[in-house]
1. Quick check on the exposure proxy: order 178, 37 from fewest to most C-beta atoms within 10 angstrom.
2. What distance in nm lies between label points placed 7 Å from Cα along the C-beta direction at residue 61 and residue 270?
3. Using only the Cα atoms of region 153-242, build the gyration tensor, take square roots of its eigenvalues as a ≥ b ≥ c, and label the shape rounded, prolate or oblate: rounded if a/c is under 1.5, else prolate if a/b is larger than b/c, else oblate.
4. Could you give the nm distance between label points at residue 143 and residue 34, where each point is 7 Å from its Cα heading toward the beta carbon?
5. Provide the three semi-axes, in whole Å and in decreasing order, of the ellipsoid equivalent to region 125-282 as defined by the square roots of 5 times the Cα gyration tensor eigenvalues.
6. Could you tell me which of rounded, prolate or oblate describes region 202-266, using a ≥ b ≥ c as the square roots of the eigenvalues of the alpha-carbon gyration tensor, with rounded for a/c under 1.5 and, failing that, prolate when a/b is larger than b/c and oblate otherwise?
7. Where the centre of each part is set by its Cα atoms, how far does region 126-141 sit from region 228-248, in angstrom?
8. What is the gain in length, in nm to one decimal, between residue 241 and residue 196 on full extension, counting 0.36 nm per residue of separation less the C-alpha to C-alpha distance?
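Readers should treat all values here as calculations from the given coordinates under stated rules, not as data from a laboratory. From a predicted model like this one, the values you see are computed outputs, not experimental measurements. Heads up, the Cβs are rebuilt from the backbone with ideal geometry, glycines too, and the neighbour counts pull from every protein chain shown.
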Amino acid sequence: MARVREYLQAIGALFTNLFQHPDWHNGVDVAILTVIIYYVIKLVMHTRSNSLFKGIAAVLVFAWLANALHLSAVSWLLTQVISMGLLFVVILFQPEFRRGLEQIGRSKLMRRVIGLPNRENPVQVESSVQEIVRAMSDMSRKRIGALIIIQRHTGLADVIETGTRVDAEISAPLIENIFEPNTPLHDGAMVILNRRIEAAACILPLSEDPSISRDLGTRHRAAIGITETTDAVSLIVSEETGIISMAREGKLTRHLDGRSLTILLTELFTPDRNMYSWIGTLRREAPNDGE
């Protein structure tokens with residue numbers, strides 16, 4: 001109970017100092033705290049940790065009420081919970097902490113600080129893009145299921161190790177042959193790195209986001225799952241409907257055609273171009289039918 005009281009007194013002293021003795025230091029404090037809270041909420045929103053986050057907030061509120069109402073037994077119980085709270089938070093929110101640190105590490109500012117280039121500078125971008133688009137369009141027409149992962153700044157060595165090394169130039173016939181049903185490498189994901197097919201038949205983590213439509217199958221959940229923890233981009237062809245989709249940052253964009261896919265891939269492979277401006281034009285409202 002004493003520890004809870006100390007926490008509450010510290011919080012009260014903080015806000016008293018902010019409002020009774022305002023200066024530029026306090027303004028910076030408030031601004032930084034606001035940004036941190038915003039990104040923490042953004043990080044856990046629409047994930048399973050959303051409910052856990054609400055539960056932790058409820059425990060803190062109950063602790064404050066118990067202390068204010070002098071409920072000794074309840075305050076003692078909540079004190080024991082709060083005393084282990086930091087360890088529980090680290091364990092429960094481990095995926096979110098990892099994703100947040102990865103986002104900081106691959107930010108444009110951080111890459112400039114440590115001297116990393118923003119993008120690759122490919123010599124044969126147009127050829128690579130055309131080969132991928134042709135393969136995706138052909139597989140879409142033939143209703144051949146496919147899942148292609150394009151690595152960006154976050155390494156995918158652990159994913160590549162789960163599959164079979166290919167290390168070949170990108171070509172439409174090779175891509176289509178790999179995903180041809182009943183062939184050894186058709187089941188799993190293909191990983192493209194530096195405009196080369198690095199591996200095939202790779203195993204990906206499945207997304208556990210409860211908001212994903214139940215109409216979407218394992219291939220789409222795997223495509224979304226890898227983009228939730230890395231900055232990779234997933235390209236999917238539905239085996240049931242032939243619909244071409246893209247997953248990025250845990251979001252799925254469906255019903256891509258050859259033109260939009262060309263724009264997307266060109267943005268991925270071309271340096272110093274802003275991909276975000278195209279995402280809005282690529283996303284269309286569509287029913288979640290298919291695999």
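1. Starting with the residue having the fewest Cβ neighbours, the order is 37, 178.
2. About 5.0 nm, to one decimal.
3. Working: a/c = 1.97, a/b = 1.25, b/c = 1.57.
Because a/c hits 1.5 or more and a/b fails to exceed b/c, region 153-242 counts as oblate.
4. About 5.5 nm separates the two model spin labels.
5. Over the Cα atoms of region 125-282, the semi-axes work out to 19, 19, 17 Å.
6. Working: a/c = 1.87, a/b = 1.29, b/c = 1.45.
Taking the square roots of the gyration eigenvalues as a ≥ b ≥ c, region 202-266 is oblate.
7. 14 Å
8. Once the chain is fully extended between residue 241 and residue 196, it gains 13.4 nm.
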